[in-house]
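Right, one structure below, let's go through it.
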Amino acid sequence: MSELSTKLAHMVNGARHLLFPPGCLFCRKALDESDGCCPDCLQEILIWPASTCLRCGSMLPLALAPGPCGHCLHHPPAQQQTHSLYQYHGPVRDAILNWKLAGQDGGVRWLLQAAVPSLKQLITPDDLLLPIPAPLSRMRKSGQHHAANLCRWLATSTGSRMEWRLLRRIGEQPRQSALSGVARRKNLCKAFGLCDDYPSITQALSPHARLWIVDDIFTTGSTAHYAARAAIKTKLPVHVLTLARTQHQGS
């Protein structure tokens with residue numbers, strides 16, 4: 001009987017594959033296998049290079065890595081390290097926009113799963129992940145907190161944990177995407193703070209714990225810098241991790 005059930009299951013799965021062939025999570029092209037990404041999109045997915053300034057995460061020639069870069073020598077960001085997984089380009093850009101604008105997270109989840117080996121080299125179970133807090137009005141409109149979702153998925157993949165309460169948003173600010181670099185810095189210079197009971201949260205952590213500020217896209221670096229500037233009041237090492245980064249050499 002069990003053998004018959006197995007055969008029926010194979011037949012049903014085969015029929016489903018013929019009627020509804022798996023599609024690429026990025027371009028929707030039909031796939032022979034359900035691995036989620038077609039060869040064309042896979043070729044267009046660009047990993048953020050390992051040759052970077054460790055402090056700000058900007059690209060550097062191999063001979064100059066890990067920096068510091070010229071900008072960090074004079075105007076270093078508040079965080080100790082900055083890491084990004086992918087370049088904000090092609091299928092990665094499409095996946096993030098589909099997630100943020102249409103609620104389709106399949107592409108983003110695939111990108112995170114593909115990066116698990118690298119993530120486990122960066123993040124340890126002792127670490128605490130902090131999502132960049134979004135304005136309340138934006139969360140009400142979208143129905144999601146994208147940075148918190150990223151943190152939850154990352155925590156599951158790395159054995160670490162997230163804490164959404166520690167880093168807080170103060171007031172409402174215009175969207176960063178509509179502003180220039182200078183305006184972005186002014187917009188966010190007083191946008192972040194810590195919750196009142198942050199000492200009790202941080203004291204419960206391992207002595208080896210680091211704080212990771214997590215966001216979806218790194219553009220000019222203003223959001224990461226000002227969030228980290230608030231987080232360093234905990235006296236813990238503060239690092240930044242983003243899913244993707246533009247090639248703009250931000251501050």
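Spin-label model, THR156/LEU46: points 7 Å from Cα along the beta carbon direction are separated by 3.0 nm.
Where does the charge balance sit around ALA209 when Lys and Arg score +1, Asp and Glu -1, over other residues with C-beta under 14 Å from its C-beta? Local net charge: 0. Close amide H partners of PHE192, meaning residues 5 or more places away or on another chain with modelled amide H under 5 Å apart, are ILE170. For LYS29, the amide hydrogen comes within under 5 Å of the amide hydrogens of CYS24, counting only partners 5 or more places away or on other chains and with H modelled in the peptide plane.
When the alpha carbon gyration tensor of region 61-165 is reduced to an equivalent ellipsoid, its three semi-axes come out at 26, 17, 17 angstrom, largest first.
Dividing the mean sequence gap of close Cα pairs (under 8 Å, 6+ apart) by how many residues region 189-250 holds gives a relative contact order of 43 percent. Charge tally for ARG55 (other residues, Cβ to Cβ under 15 Å; Lys, Arg +1; Asp, Glu -1): +3.
Laboratory data are not the source of any read-out in this text; all were calculated from the coordinates shown. From a predicted model like this one, the values you see are computed outputs, not experimental measurements. Ideal geometry is used to build each Cβ from the backbone, glycine not excepted, and the neighbour counts take in all protein chains shown.
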